[in-house]
Structure formats: structure tokens, C-alpha cells
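Bear in mind that the values in this text are calculations on the coordinates, not laboratory data. These figures come from a predicted structure and were not determined experimentally. In this analysis, Cβ positions are derived from the backbone assuming ideal geometry, glycine residues included, and neighbour counts consider all displayed protein chains.
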Amino acid sequence: MKKTILISLVCSALVCAFVLPSLHAAPKAPADMTIEMPKGQKATKAPVAFSHAKHKALDCKACHHKWDGKGDVKGCSSAGCHEDYKAKKGDKSFYGAFHAATSKTSCLGCHKDLKTAKKPTGPTACTQCHPQKK
Ligand code: HEC
Ligand code: HEC
Ligand code: HEC
């Protein structure tokens, strides 16, 4: 009898220690990835390699600007986000999400700002991100 109580106590302690936190754990940054136009959209440029590891010095919200810091991280082209594939400008523009020169959250905007500030930065030339198709 005592043994069963002890076992169930140990089990519930293990559940509290390991299972519950994992249910609430914040999402991790994925490994190196390729960013491309969503299925069904015609791409004119080569897909872009992106490394979270190379950006690990930054806060997640430097890019995931709508993230609450706890729940799922949404992709840039999620419904209601950068889902306009025609417009080159504006909050809904897919192109703008990655190139808007005045945005601190776009790839190009951030890299340009850092370049101006003479700080370590990433590429700003088209072909450095979109390798030329052969
Ligand atoms: C320099 C910009 C940048 C930083 C910093 C960054 N991410 Fe990302 N992350 C991206 C981009 C771009 C994508 C691809 C989005 C897409 O495919 O639409 C992405 C995708 C993701 C995804 C997959 C989302 C999906 O579409 O399923 C997760 C999860 C994620 N990031 C988590 C994180 C976490 C956690 C951090 C902080 C530790 C972080 N990211 C920091 C730019 C960044
Ligand atoms: C908020 C600022 C910021 C944003 C947004 C950002 N980057 Fe960067 N990126 C950096 C910084 C800083 C570095 C330099 C890191 C270093 O050298 O330590 C960098 C470096 C890079 C590099 C060079 C990595 C290497 O091999 O040395 C690439 C490629 C790159 N970024 C691609 C992207 C792409 C693609 C996006 C958008 C999806 C993006 N970055 C968004 C700040 C940013
Ligand atoms: C810092 C990296 C980076 C630089 C520099 C960059 N882009 Fe992009 N670009 C991206 C990312 C990320 C996407 C979204 C993924 C995709 O669609 O390939 C994108 C998407 C695009 C798209 C829409 C998708 C398509 O294939 O039609 C066009 C057009 C485009 N870029 C053109 C350019 C041009 C022109 C330049 C130079 C002025 C440029 N990009 C510079 C990262 C970059």
C-alpha cells in the first residue's frame, strides 16, 4: 500500500518536472532554412538561404515582430500578415517584409541600417541573397 502511494507521488513529481514545462516551452528557432514564395505563387528570384544561428545575437522579436513571446511563431505570409504578392510596398506586402528599406524588421532594412552604422551586418545586394539562376 505505502509503496503504491510512493510510486504515484514519484510519478506525479516527474510529470510536474518534465511533462508540464514542455507543454509550455517557448518555441525554438529552427535550423538553417530556405525562404521561398508560398506554394501557388510564381517566383522570379532564386529562394533565399536563412540561418537563425547567424542571427542568434538578436532578439526573436527583432524579426518576429508580432510574436507574443510564448505561443506559436507564425510565418511571414500567414493569413492577415504579408500576404500581398503584388504590392511592393505596404504592411501587407510580401516583398516589403524582406526589403522595405525603412523597416527595422526587414532583412534589407536592418542590414542597411547596420551598414550605415558600420556594425557587423548581412548582405544588401540582390545576388548575395538570391543567387543568380543559371
Ligand atoms: C533575423 C531575423 C530572425 C530572428 C532574429 C529570428 N527569426 Fe525565426 N524566422 C525568421 C524567418 C525569416 C523565418 C521564416 C518565416 C517564413 O517562412 O515565413 C523564421 C521562422 C521561424 C520559425 C518557423 C515558423 C513557421 O513558419 O513555422 C520559428 C519557430 C522561429 N522562426 C522561431 C524563432 C525564435 C524562437 C527566435 C529567437 C530565438 C527567432 N526565430 C529569431 C527570422 C528570424
Ligand atoms: C534586425 C536585424 C536583422 C534582420 C531583420 C536580418 N538580419 Fe541578417 N544579419 C544581421 C546581422 C547583425 C548580421 C551579421 C551577423 C554577424 O556577422 O555576426 C546578419 C548576417 C546575415 C547574413 C550573413 C551570414 C553569414 O554567413 O555570415 C545573411 C545571409 C543574412 N543576414 C540574411 C538575412 C535574411 C535573409 C534576412 C531576412 C529573412 C535577415 N538576414 C534579416 C541582422 C539582421
Ligand atoms: C538580405 C537578403 C535579401 C536581399 C539583399 C534581397 N532580397 Fe529579395 N527576397 C529575400 C527574401 C528572404 C525573400 C522571400 C523569399 C523568396 O520569395 O525568395 C525575397 C523575395 C524577393 C522577391 C519576391 C519573390 C520572387 O521570387 O519573385 C523578389 C522579386 C525579390 N526578392 C527581389 C529582390 C531584388 C531585386 C533585390 C535587390 C534590390 C533583392 N531581392 C535583395 C531576401 C533578400
Discussion item. If I stretch the segment between Ala101 and Lys66 completely, what's the gain in nm (0.36 nm per residue apart, minus their alpha carbon distance), one decimal?
Written reply: 10.7 nm
Discussion item. So if each residue of separation counts as 0.36 nm, and I subtract the Cα-Cα distance between Ser77 and Lys56, what length gain in nm does that give?
Written reply: 5.3 nm
Practice prompt. Pop out the ³J(HN,Hα) list for region 52-62 in order, Karplus 6.51 cos²θ - 1.76 cosθ + 1.60 with θ = phi - 60°, rounded to Hz; leave Gly and Pro as x.
Written response: 5, 4, 5, 10, 5, 6, 8, 5, 3, 6, 4
Worksheet item: What distance in nm separates the simple spin-label points at Lys118 and Asp32, each placed 7 Å from Cα in the Cβ direction?
Response: 3.2
Discussion item. Show me, for region 100-113, the HN-Hα J-couplings you get by feeding each phi into the Karplus relation (A = 6.51, B = -1.76, C = 1.60, θ = phi - 60°), rounded to Hz, glycine and proline as x.
Written reply: 3, 5, 9, 8, 7, 9, 7, 3, 5, x, 5, 4, 5, 4
Worksheet item: If the limit is 28 Å between Cα atoms, which of Lys86/Lys119; Lys61/Lys89; Lys28/Lys118 go over it?
Response: Lys86/Lys119; Lys28/Lys118
